[in-house]
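Please treat every number below as a calculation from the coordinates, not as lab data. None of these values were measured; they are calculated from a predicted model. Cβ placement follows ideal geometry from the backbone for every residue including glycine, while neighbour counts extend to all protein chains displayed.
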Amino acid sequence: MKIKGSTNIVGLIGHPVEHSFSPPMHNAAFEKLGMDYAYVAFDVDPNNLGSAIEGAKSLNIKGFNVTIPHKIEVMQFLDEIDEVAGLIGAVNTIDFKNMKGYNTDGIGAVRAIEEVISIKDKNVVIAGAGGASRAISFYLAKYGADSITILNRNVDRAISLAGDVLDSGLIADVQADSISEINNYLSDADILVDTTPMGMHPHVDDEPIARAEDMHEDLVVFDAVYNPNETVLIKEAIKAGAKPVYGIKMLLYQGAESFKIWTGVDAPVDEMEKALRQTLNLE
């Protein structure tokens, strides 16, 4: 990749950012399409978030991905928020053309799941009630899920999130319960989504949230954790003959969605996936 005077800059802001997989993924995509763009990671201290956005505007930066801890705070510095990002209450992509914020995390998960099964009219069980669960829940509702059940250790958080999703008017059936009750919900579920950090590197030997004997063969099991690629939950899903969906796919598709927002061009997903797999040593 050659950096020239004309090169358009997009990037990532977060704190920390040095372990991000986004730069190799996006730069591989720009190279593949011969686009004069470069993707850079910027470590931005939370105290400097406002000045970072102002500075980026002045420097004619074209777009940002936004990661922890800036996804909520950054919204106050934008002119416009996409409708679903507004419902989620967090932004992970900024388009500087119109200073508009989007959230592509949920659409990343939806596209990953829809490689295997259509979400429309399905019963979905979601483990966890944090930011990822929130983003994915609203998109599942938007894509026509029949019912969503949110399970969490702290049941109050699950109840609160379920209420917000119900209030959106996108879906009529949203429930909440304790994650300890997960086995009571899996037999009727079409899709299980795990947004908890269980099994994330280095805790690869964590107890999975559900075991193979509690799963059925038609269940689609998606784990948002992508390091390791094959989490304890995905291993159980494979053992059960259920259909696994890997976390790397969510990372891939949220990136592809951001790429499209910034450039107006469809992302070369295969090339991005290849770069991701190399970065994660999956090749």
Legend entry - Largest-first ellipsoid semi-axes for the chain, taking √(5λ) over the Cα gyration tensor eigenvalues, angstrom: 32, 21, 16
Legend entry - Percent of Cα pairs exceeding the 27 Å cut-off, where the set is region 107-245: 10 percent
Legend entry - Lys pairs under 17 Å by Cα in region 107-245, provided they are eight or more residues apart or on distinct chains: 4
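Relative to the present Cα-Cα distance, how much length would full extension add between V204 and E80 at 0.36 nm per residue of separation? Spell out each step's value before the answer.
On the way: separation 124, 0.36 × 124 = 44.64 nm, distance 4.00 nm.
Result for the pair: 40.6 nm of gain on full extension.
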Inset, instruction - Taking the chain as the reference, fit the longest principal axis to its C-alpha atoms, fit the long axis of helix 155-167 to the helix C-alpha atoms, and give the angle between the two in degrees, 0 to 90, nearest 10. - result: 70 degrees
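Starting from the Cα gyration tensor of region 123-200, take the square roots of the eigenvalues, sort them a ≥ b ≥ c, and report rounded, prolate or oblate (rounded when a/c is under 1.5, otherwise prolate if a/b is larger than b/c, else oblate).
Values: a/c = 1.45, a/b = 1.26, b/c = 1.15.
Judged from the Cα gyration tensor, region 123-200 comes out rounded (a/c under 1.5).
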Inset, instruction - Considering only DSSP beta bridges where both residues belong to the chain, give the percentage that are antiparallel (nearest 5). - result: 15 percent
Legend entry - Most positive-pole-ward Cα, N92, L49, Q76, against dipole of region 8-99 from beta carbon charges: N92
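How would you rank T67, T7, going from fewest to most other Cβ atoms within 10 Å of each one's own Cβ?
Lowest to highest Cβ neighbour count: T7, T67.
Can you tally the net charge around N184? Count Lys and Arg as +1, Asp and Glu as -1, for every other residue whose Cβ sits under 12 Å from the Cβ of N184. Walk me through the intermediate numbers first.
Numbers: positive: none; negative: D177, E181, D188, D214.
That sum, taken over residues with Cβ under 12 Å, equals -4.
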Inset, instruction - Round to the nearest 0.05 the FRET efficiency obtained for I3 and A172 when R0 = 41 Å and r is the Cβ-Cβ distance. - result: 0.20
Inset, instruction - Have a look at V91, V165, V155 and tell me which one the Gaussian network model of the chain (Cα, springs below 10 Å) gives the largest fluctuation. - result: V155
Inset, instruction - Pick out, in residue order, every one of the trypsin sites (Lys or Arg not before Pro) in region 81-167 that is DSSP loop and has at most 11 other C-beta atoms within 10 Å; say none if there are none. - result: K97, K120
Legend entry - Angle between the chain longest axis and helix 247-263 axis [Cα atoms, degrees, rounded to 10]: 40 degrees
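Which GluC sites (Glu not before Pro) from region 71-139 combine a DSSP loop assignment with at most 13 other Cβ atoms within 10 Å?
On the way: sites: E73, E80, E83, E114, E115; in loops: E115.
Passing both the DSSP loop test and the Cβ count: E115.
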Inset, instruction - Find which of A132, V204, T149 sits farthest along the positive direction of the dipole of region 107-245, computed with +1 on the beta-carbon of Lys and Arg, -1 on that of Asp and Glu, about the Cα centre. - result: A132
